[in-house]
Amino acid sequence: MRTVVVFSLIFTCILVKPMVLFDFDTKSDISNWKILDDVVMGGRSNGSFKLNANGHGVFSGAVSLENNGGFSSLRYRFTEKKVKGYTKAVLTIKGDGKSYQFRTKSSAYDRHSYIAKFTTSGKWETIEIKLSDMYPAFRGYSLDIPNYPAETLEEIAFLIGNKKAESFELQIDSVVFK
């Protein structure tokens with residue numbers, strides 16, 4: 001029995017190599033990273049995204065509560081990736097001490113996202129998010145459907161929306177599925 005368990009673990013480790021979704025450097029093509037703010041609903045938040053001199057992606061801006069606003073997001077869409085067998089997303093980031101959301105979509109056409117919340121420390125850190133803990137939500141409301149099934153993936157996103165007006169800056173070094 002022990003041999004079967006060991007073989008199973010080795011087989012899983014061989015099959016599921018880390019999948020680098022994005023690893024930023026000074027030459028990264030960030031043209032598929034798009035900002036989506038609450039302006040689509042009349043709000044006044046404004047986010048931006050750029051590469052800094054060190055080659056990190058920088059998502060920054062200001063969240064406004066004017067006109068029922070309150071969020072800014074950064075989305076990255078790509079062709080479908082098979083993620084069956086992966087159990088966590090690993091984010092290497094440097095935040096500003098504020099809370100953010102990491103979001104996934106199985107299909108770019110899904111209306112809902114799967115969400116995990118995390119708080120940054122103000123220092124470079126590695127945040128590990130269990131994919132099975134990512135809950136479904138649409139426009140701020142949790143849905144009564146299962147958590148992220150982690151079979152396919154077509155979009156990841158970062159969102160800030162802490163129900164207060166605030167400036168923000170999140171530096172991103174890499175996003176990897178393990």
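The values are calculated or read from the model by the stated rules, or taken from the named source; none is laboratory data. The shown structure was predicted, so the numbers you read here are calculated from the model rather than taken from an experiment. Backbone-built Cβ (ideal geometry, glycine too); neighbour counts: all protein chains shown. Side chains included, ligands, DNA and RNA excluded: accessible areas come from the protein's heavy atoms. Shrake-Rupley method; radii C 1.70, N 1.55, O 1.52, S 1.80 Å.
Pairs spanning more than 28 Å between alpha-carbon atoms, out of Lys50/Lys117; Lys84/Lys123; Lys84/Lys164; Lys34/Lys82: Lys84/Lys123; Lys84/Lys164. Surface analysis of the chain yields an accessible area of 57 Å² per residue, using protein heavy atoms and a 1.4 Å probe.
Please list 28-34, 114-120, 18-24 highest first by mean number of surrounding beta-carbon atoms within 10 Å per residue.
114-120, 18-24, 28-34
The Lys117 and Lys34 beta-carbon pair, evaluated with R₀ = 25 Å, returns a calculated FRET efficiency of approximately 0.70.
What is the percent carbon and sulfur in the accessible area of the chain, measuring with a 1.4 Å probe over the protein chains and ignoring ligands?
Numbers: 5280 of 10070 Å².
Reported share for carbon and sulfur atoms: 52 percent.
Provide Rg over Rh for the range 35-172; use the alpha carbon set for both Rg and the Kirkwood Rh (inverse mean inverse pair distance). Mind dumping the intermediate values first?
Working: Rg = 14.7 Å, Rh = 15.4 Å.
Result: Rg/Rh = 0.95.
Computed extension gain for Ile145 through Tyr109, at 0.36 nm per residue and net of the alpha carbon distance, reaches 11.3 nm.
Straight-line cross-link reach from Lys81 at under 18 Å between alpha-carbon atoms covers these aspartates and glutamates, not counting any fewer than eight positions away in the same chain: Asp23, Asp110, Glu151, Glu154, Glu155.
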